[in-house]
Amino acid sequence: MSENSKFTARNLNLYYGDFHALKNINFEIEANKITALIGPSGCGKSTFLKTLNRMNDFVEGCKIEGDVLLDGKDIYKTDMSAIELRQRVGMVFQQPNPFPKSIYENVAYGPRIRGIKKKSELDEIVETSLREVGIWDEFKDRLHKSALGLSGGQQQRLCIARTVAVHPEVVLMDEPTSALDPISTMKIEDLAVEMKKKYTIVIVTHNMQQANRISDTTAFFLLGELIEAGATKDLFLNPKNKKTEEYITGRFG
Ligand SMILES: Nc1ncnc2c1ncn2[C@@H]1O[C@H](COP(=O)(O)OP(=O)(O)OP(=O)(O)O)[C@@H](O)[C@H]1O
């Protein structure tokens, strides 16, 4: 395990019932970097992402073997609760999913659940979180309006603000821009690059230009296997594996 490793997967296998969805994955995710997971549909990218904050716990018949270490501690074999884990490892989904509440309440929700009650403290967290994702000026005069009235891009940035409001260490993003227009996509990409100063980011994307633009490391999955992983520039310029080359040059998938 290298010094800068945030997550380490060792001999990780995952089964949905009889279906072997992740096959002996060995992979390190570096702290304060953006790691992109790429590969054709159904190859296990989201499944791998969800093993990092135990989202698969909700799936009946899902069985996991091997180790997933966060800062050297196995997240499946410690007494850390899934709730505590998900505070440390937040997640942003493909479809923006704000709660049907005000902008303010969306951001204050997590801190409130974690016991913060004082209005002045919540006000500060809301402001800091919205500033952090660059939407404070846009939203400050309508904090008490419904989040559902926002555009898709604004909703996604609000969801990211909601995630950072509980001070995670890692932010997982599952195709966060695939439902967004190009300008909103660019804003999220810029934000992800800014965010890596503070967080470790793992992003699933079908958009290879996106992986190339923003990630430091790219991992290519195929049929549940991790075929190749490395520095993004190297992987796109000089893929070592023939299948990686075929995928990134658009010859399959
Ligand atoms: N809850 C589940 N139960 C059974 N099989 C599942 C479940 N979730 C995913 N799978 C299967 O596991 C495989 C990997 O799925 P996964 O969603 O991880 O792929 P992916 O690479 O993220 O795909 P996409 O790019 O289309 O989102 C697929 O064959 C999928 O059908």
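Couple of notes before you dig in:
- Relative counts (whole %) of C-alpha pair distances in segment 111-253, using bins that are 5 Å wide: 2, 8, 17, 19, 16, 13, 9, 7, 5, 3, 1, 0
- When the P(r) of segment 1-46 is calculated, the portion above 13 Å amounts to 64% of the C-alpha pairs.
- The HN-Hα couplings worked out from phi for segment 24-38 by the Karplus form 6.51 cos²θ - 1.76 cosθ + 1.60 (θ = phi - 60°) are 6, 7, 10, 7, 10, 10, 7, 5, 6, 10, 9, 10, 9, 10, 10 Hz, whole numbers, x standing for Gly and Pro.
- Highest average packing first - 165-171, 102-108, 59-65, Cβ atoms within 10 Å: 102-108, 165-171, 59-65
- Each Cα pair under 8 Å and six or more residues apart adds its sequence gap; the mean of these over the residue count of segment 1-117 is a relative contact order of 27 percent.
- Less than 5 angstrom separates the built amide H of residue 32 from those of 200, 201, all sequence-distant by 5 or more or on a different chain.
- Cross-link reach list, lysines versus residue 117, counting only Cα pairs under 22 Å and skipping chain neighbours closer than eight places: 101, 140, 145
- Note, ³J(HN,Hα) from phi for segment 80-95, Karplus 6.51, -1.76, 1.60, rounded to Hz, x at Gly and Pro: 5, 6, 4, 5, 5, 4, 6, 6, 6, 10, x, 9, 10, 9, 4, 8
- In summary, the lysines within cross-link reach of residue 77, defined as a Cα separation below 18 angstrom excluding same-chain residues under 8 places away, comprise 6, 50, 63.
- Computed over the chain: relative contact order in percent, which uses C-alpha pairs under 8 Å that are six or more apart: 27 percent
- The three principal axes of the C-alpha atoms in the chain carry coordinate ranges of 54, 42, 35 Å, sorted with the longest axis first.
Every read-out reported here was derived from the displayed coordinates using simple, explicitly stated rules and does not represent laboratory data. Worth saying up front: this structure is predicted, and the values here are computed from it rather than measured. Counting neighbours? That spans all protein chains shown, and the Cβs are built from the backbone with ideal geometry, glycine included.
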